[in-house]
Amino acid sequence: SSPPQKLVFNRVNGKRPQVLLQQVSAPEECYTLAHEENVRFVYEAWQQVEQQLDGSRSGESACGPVQYIEKTPNPKLKDFVPIDLEEWWAKQFLAEVQN
């Protein structure tokens, strides 16, 4: 009955990003340092992928990430509209503030 293991991602090159404690707006939103490190790792890794994609589009790099584009889109998804998470979170925040 040992406590469950926490999954922590470390950067491949061994560098650990600086951990900054953010002020939490609601008491139920308590993040551990491991959680913040994981979020920061994913964010930074995604930024690198986007930079590499931009570089490959402009012809700077012959190798790197490849963006998947569906050849035959699913007709059931023709009316699909992706959600803007930033806008959704802003609406949730404003609704909470107003209440």
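Every read-out reported here was derived from the displayed coordinates using simple, explicitly stated rules and does not represent laboratory data. Since the model is a prediction, treat every value here as computed from it, not as a measurement. Cβ sites come from the backbone with ideal geometry, for glycine too, and all protein chains shown count toward neighbours.
Applying a DSSP loop filter and a limit of 11 other Cβ atoms within 10 Å to the chymotrypsin sites (Phe, Trp or Tyr not before Pro) in region 64-99 leaves Y68, F80.
Along region 43-56 the Karplus relation, 6.51 cos²θ - 1.76 cosθ + 1.60 evaluated at θ = phi - 60°, assigns HN-Hα couplings of 4, 5, 5, 5, 4, 5, 4, 4, 5, 5, 4, 4, x, 6 Hz to successive residues, with x for each Gly and Pro. Once the Cα-Cα distance is subtracted from the 0.36 nm per residue extended length, the A34 to Y68 segment shows a gain of 9.1 nm.
The gain in end-to-end length when the E50 to K76 segment is fully stretched comes to 6.5 nm, 0.36 nm per residue minus the alpha carbon separation.
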